[in-house]
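Step one of this worksheet: look at the structure below.
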Amino acid sequence: MSDDTLAPDNPAPTPEALTAPPAPPPSTVKPVNCPNCGGTVEIRVAGTTVSVICSHCGSTLDATSPDLQVIAKADEALKTPEIPLGTRGVIKGRTWEVVGYQERTDEEVTWAEYLLFNPYEGYAFLVDDGRRFNLGLLLDKLPTSNWGLGLSADGQNFSRFGDPYPVHTVFVVGEFYWRAAVGETVQETDYVTPGTMLACEDYQGERTWTRLDMLEWGEAETAFRIAKRRKEYSSPAPHERSPYKSQLFEAWVIGVIAAVTLFLVSGMAGSQQRIASTTTDAVLDGPEKTLVIKDVVLPPGRSRVEIDADATSLDNSWVDLDYSLTDQKTQDSIDSYGTAEFYSGTDSDGSWTEGDRKPTVDLSSIPGGRYDLVVTLSAHKWNGAGSSSSAPVTDTSLMGGHGFADGGWGSSSGGGVTVPVTVTVDRGGVFGGNIILGLLVILIWPIIVLFRHLGFEKRRKAVLSSGSDDDDSGSDD
Amino acid sequence: MSRHSLIFGVFCLGVVMLSVFAIRDGYSPFASAGARGPMFFGGYGPTHK
């Protein structure tokens, strides 16, 4: 079956059109005069049209009577539909002609409905909510109940969206296959699935089901040659697909791939290598002690260097550790510091402990070469609220090999309590902070899209939350 | 694939590449650096209340 008899007004040349140009159909428009105002009324679907609304005076005329009797007069000024009556356009491969136009409202939102006609397909509706267009076709088969969870029609499941609500016709012009009139009120119930709505209309004991498929942005505008609308999602339709859903899926897939790659790259970086390790004793409240670890060799390029101190016998005391990694060739030094500390006690809540006996210092991107690590230790006892400060600086001297200089203080000099401190130097490995930072940066976009999607869904269901509280359907997307 | 996803893919590639360079050079923005300040005294002891 072909639609050649109903071609668009100015169809774009297509390959099919070039190979088999349709002959201009003979005019099927029947012009008659309005008995109220005398204006010309065009009847495009003679034989099926029941009522015609005069486009000049708005009077409703009876198309079934030969002399077009006036059913209802209207004096108000008529609006011009955005798509003029008589315009033809191709949607989903079918050519449709606009024969009627009505505006309806649910007392909160007003939308427009164009009645379309194709002699082979019958009637259809082009519903315009002000943002997007939907193509509505009457169902020729009743939907079936879907185990009490909604309805099934055309192989799709629909869930109910909100309660039934009244819909009033507020403007009408053109011709219709029913007695259309301003003030007509139907009771409508919506069932939705992403991209499609089933609209159930009850009117004077008669029930009709219409399937509304949301058209792509610009599809109807192109078909009927009107200005394209800007994409915006501030007030989505109940059955509108979230434009962020596929974007969200893609963002998470890409993000997971990037995160896995990040972990694999980090795993391939290799583990740390021990360069040096030595142990010395620090005297509590004694003078500073200097330890020199010589010949710390780093490979060419740049490396991560980790310096760990271990003072496991610390108790209610601390050790200041100042590090200076000095290049033997250039004498450039990189300074850093750490504090090993441990405190414990008892209060009304019981016993408590605090502090870190094993401080770690990470040095970033150290150039390759031969270094000396100078460690200055200063140990102190914590005496409650008041604590002593660092002791005066003592002379230090470097010693060869991986030894240390104690500045004249032995492990038991001065009779003070000593704390053994082990200092180790490693190179290589991966900074955990880099991986966490990378993951956080990768997560930013998927989280933004997730919030956009959730915001869209919240706006889509806003009518439910502002309506009755007993319906939480419409969560099928 | 949408344009946004394509840009995000390129962005992720950049993040991974930066991580590779950071691992190669042992670089981290969170690494310890700098000597103890001259006034860094008196901040010791437990903070337990």
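Just one of A:180, A:223 is over 26 Å from residue A:453 (Cβ atoms) and assigned to a loop (DSSP other than H, G, I, E, B); which is it?
Working: A:223 fails: assigned to a loop (DSSP other than H, G, I, E, B).
Exactly one of A:180, A:223 is over 26 Å from residue A:453 (Cβ atoms) and assigned to a loop (DSSP other than H, G, I, E, B), namely A:180.
Residues that are in contact (Cβ under 8 Å) with a residue 24 or more places away in the chain, on the phi > 0 side of the Ramachandran plot and surrounded by fewer than 14 Cβ atoms within 10 Å (Cβ to Cβ): does the range A:302-322 have at least one?
Step one: filter the range A:302-322 for residues in contact (Cβ under 8 Å) with a residue 24 or more places away in the chain, giving A:302-322.
If we keep only those that are on the phi > 0 side of the Ramachandran plot too, we end up with A:316.
Next, from what is left, pick out any that are surrounded by fewer than 14 Cβ atoms within 10 Å (Cβ to Cβ): none.
No, there is no match, as no residue in the range A:302-322 is in contact (Cβ under 8 Å) with a residue 24 or more places away in the chain, on the phi > 0 side of the Ramachandran plot and surrounded by fewer than 14 Cβ atoms within 10 Å (Cβ to Cβ).
Run down A:265, A:253 and say which single residue is outside any loop (DSSP other than H, G, I, E, B) and surrounded by fewer than 15 Cβ atoms within 10 Å (Cβ to Cβ). Break it down stepwise before answering.
On the way: A:265 fails: surrounded by fewer than 15 Cβ atoms within 10 Å (Cβ to Cβ).
Result of the check over A:265, A:253: A:253.
What tally of residues in the range A:226-250 results from selecting those that are of a type in the set (Phe, Trp, Tyr) and without any contact (Cβ under 8 Å) to a residue 40 or more places away in the chain? Before you say what the answer is, go through the steps one by one.
Restricting attention to the range A:226-250, the residues satisfying the condition of being of a type in the set (Phe, Trp, Tyr) are A:233, A:244, A:249.
Retained after the next criterion (residues that are without any contact (Cβ under 8 Å) to a residue 40 or more places away in the chain): A:249.
Adding up the residues that qualify gives 1.
Quick check on the range A:347-361. Is at least one of its residues among the charged types (D, E, K, R), touching a residue at least 40 places away in the same chain (Cβ under 8 Å) and assigned by TED's automatic domain parsing to the domain that holds residue A:417?
Residues of the range A:347-361 that are among the charged types (D, E, K, R), as a first pass: A:347, A:349, A:354, A:356-358.
Remaining after also requiring touching a residue at least 40 places away in the same chain (Cβ under 8 Å): A:357-358.
With assigned by TED's automatic domain parsing to the domain that holds residue A:417 added as a condition, the list becomes A:357-358.
Within the range A:347-361, one or more residues are among the charged types (D, E, K, R), touching a residue at least 40 places away in the same chain (Cβ under 8 Å) and assigned by TED's automatic domain parsing to the domain that holds residue A:417.
Mind telling me which of the residues A:471, A:477 ends up being acidic (Asp, Glu), in contact with a Leu (Cβ under 7 Å, 6 or more places away or on another chain) and either farther than 30 Å from residue A:261 by Cα or modelled with pLDDT of 90 or more (or both)?
Details: A:477 fails: in contact with a Leu (Cβ under 7 Å, 6 or more places away or on another chain).
Testing whether each residue is acidic (Asp, Glu), in contact with a Leu (Cβ under 7 Å, 6 or more places away or on another chain) and either farther than 30 Å from residue A:261 by Cα or modelled with pLDDT of 90 or more (or both) leaves just A:471.
Go through the range A:350-381 and report how many residues are within 11 Å of another protein chain (Cβ to nearest Cβ) and under 28 Å from residue A:418 (Cα atoms). Before you say what the answer is, go through the steps one by one.
First, the residues of the range A:350-381 that are within 11 Å of another protein chain (Cβ to nearest Cβ): A:351-355, A:359-368, A:376, A:378, A:380-381.
With under 28 Å from residue A:418 (Cα atoms) added as a condition, the list becomes A:351-355, A:359-362, A:376, A:378, A:380-381.
Summing the residues that are within 11 Å of another protein chain (Cβ to nearest Cβ) and under 28 Å from residue A:418 (Cα atoms) in the range A:350-381 gives 13.
Of the numbered conditions (1) in contact with a strand residue (DSSP E or B) (Cβ under 6 Å, 6 or more places away or on another chain); (2) at the interface with another protein chain (Cβ under 10 Å from one of its Cβ atoms), residue A:347 fails exactly one; give the number of that condition.
Looking at each condition in turn, residue A:347 falls short on (1).
Identify, please: which residue in the range B:3-12 is surrounded by 13 or more Cβ atoms within 10 Å (Cβ to Cβ) and either assigned to a loop (DSSP other than H, G, I, E, B) or at pLDDT below 95 (or both) and is, among those, farthest from the other protein chains (Cβ to nearest Cβ)?
So the first thing to find is which residues in the range B:3-12 are surrounded by 13 or more Cβ atoms within 10 Å (Cβ to Cβ), and the list is B:4-5, B:8-9, B:11-12.
Filter once more, keeping what is either assigned to a loop (DSSP other than H, G, I, E, B) or at pLDDT below 95 (or both): B:4-5.
Details: B:4: 6, B:5: 4 Å.
Per the criteria, the residue is B:4.
State which residue pairs qualify: first residue more than 7 Å from chain B (Cβ to nearest Cβ) and within 19 Å of residue A:433 (Cβ to Cβ) and inside the range A:251-273, second residue hydroxyl-bearing (Ser, Thr, Tyr) and surrounded by 15 or more Cβ atoms within 10 Å (Cβ to Cβ) in any location, beta carbons under 6 Å apart, and separation of 6 or more residues or different chains.
If the second residue must be hydroxyl-bearing (Ser, Thr, Tyr) and surrounded by 15 or more Cβ atoms within 10 Å (Cβ to Cβ), no pairs are left.
Would you mind finding the one in A:287, A:367 that is in the same structural domain as residue A:416 (by TED's automatic domain parsing) and in a loop (DSSP other than H, G, I, E, B)? First the steps, then the outcome.
On the way: A:367 fails: in a loop (DSSP other than H, G, I, E, B).
Among A:287, A:367, only A:287 is in the same structural domain as residue A:416 (by TED's automatic domain parsing) and in a loop (DSSP other than H, G, I, E, B).
I'd like the full set of residues that are in a helix (DSSP H, G or I) and either modelled with pLDDT under 80 or within 7 Å of chain A (Cβ to nearest Cβ) (or both), limited to the range B:13-49.
Across the range B:13-49, the qualifying residues are B:15, B:16, B:19, B:20, B:22, B:23, B:25.
Note down all Cβ pairs under 7 Å where the first residue falls in the range A:156-177 and is of a type in the set (D, E, K, R), the second is surrounded by 23 or more Cβ atoms within 10 Å (Cβ to Cβ) and assigned to a strand (DSSP E or B), and they're at least six residues apart or on different chains.
What qualifies is A:160/A:191; A:175/A:52; A:175/A:99; A:175/A:100.
Can you find a residue that is at pLDDT 90 or above, within 14 Å of chain B (Cβ to nearest Cβ) and out of contact with any helix residue (DSSP H, G or I) (no Cβ under 7 Å at 6 or more places or on another chain) anywhere in the range A:392-405? Break it down stepwise before answering.
Applying the first criterion (at pLDDT 90 or above) to the range A:392-405 yields none.
There is no residue in the range A:392-405 that is at pLDDT 90 or above, within 14 Å of chain B (Cβ to nearest Cβ) and out of contact with any helix residue (DSSP H, G or I) (no Cβ under 7 Å at 6 or more places or on another chain).
With the requirement that a residue be within 36 Å of the chain's Cα centre (by Cα) and either in a strand (DSSP E or B) or among the acidic types (Asp, Glu) (or both), what does the range A:107-122 give you?
Listed by number, the residues that qualify are A:107, A:108, A:110, A:111, A:112, A:113, A:114.
Would it be correct to say that residue A:408 is at pLDDT below 90 and outside the structural domain of residue A:356 (by TED's automatic domain parsing)?
Values: at pLDDT below 90: yes; outside the structural domain of residue A:356 (by TED's automatic domain parsing): no.
Against the criterion (at pLDDT below 90 and outside the structural domain of residue A:356 (by TED's automatic domain parsing)), residue A:408 does not qualify.
Only one of A:101, A:123 is touching a Phe, Trp or Tyr at 6+ places or on another chain (Cβ under 8 Å) and crowded, with 23+ Cβ neighbours inside 10 Å. Can you tell me which?
Details: A:123 fails: crowded, with 23+ Cβ neighbours inside 10 Å.
It is A:101.
Quick test for you: out of A:189, A:210, pick the one residue that is touching a Phe, Trp or Tyr at 6+ places or on another chain (Cβ under 7 Å) and part of a strand (DSSP E or B). If you could, list the steps in order and put the result at the bottom.
Working: A:189 fails: touching a Phe, Trp or Tyr at 6+ places or on another chain (Cβ under 7 Å).
Going through A:189, A:210 in turn, just one is touching a Phe, Trp or Tyr at 6+ places or on another chain (Cβ under 7 Å) and part of a strand (DSSP E or B): A:210.
The values are calculated or read from the model by the stated rules, or taken from the named source; none is laboratory data. Since the structure is predicted, the reported quantities are computational estimates derived from the model, not experimental observations. Cβ coordinates were reconstructed from backbone atoms using ideal geometry, including for glycine residues, and neighbour counts include every protein chain displayed.
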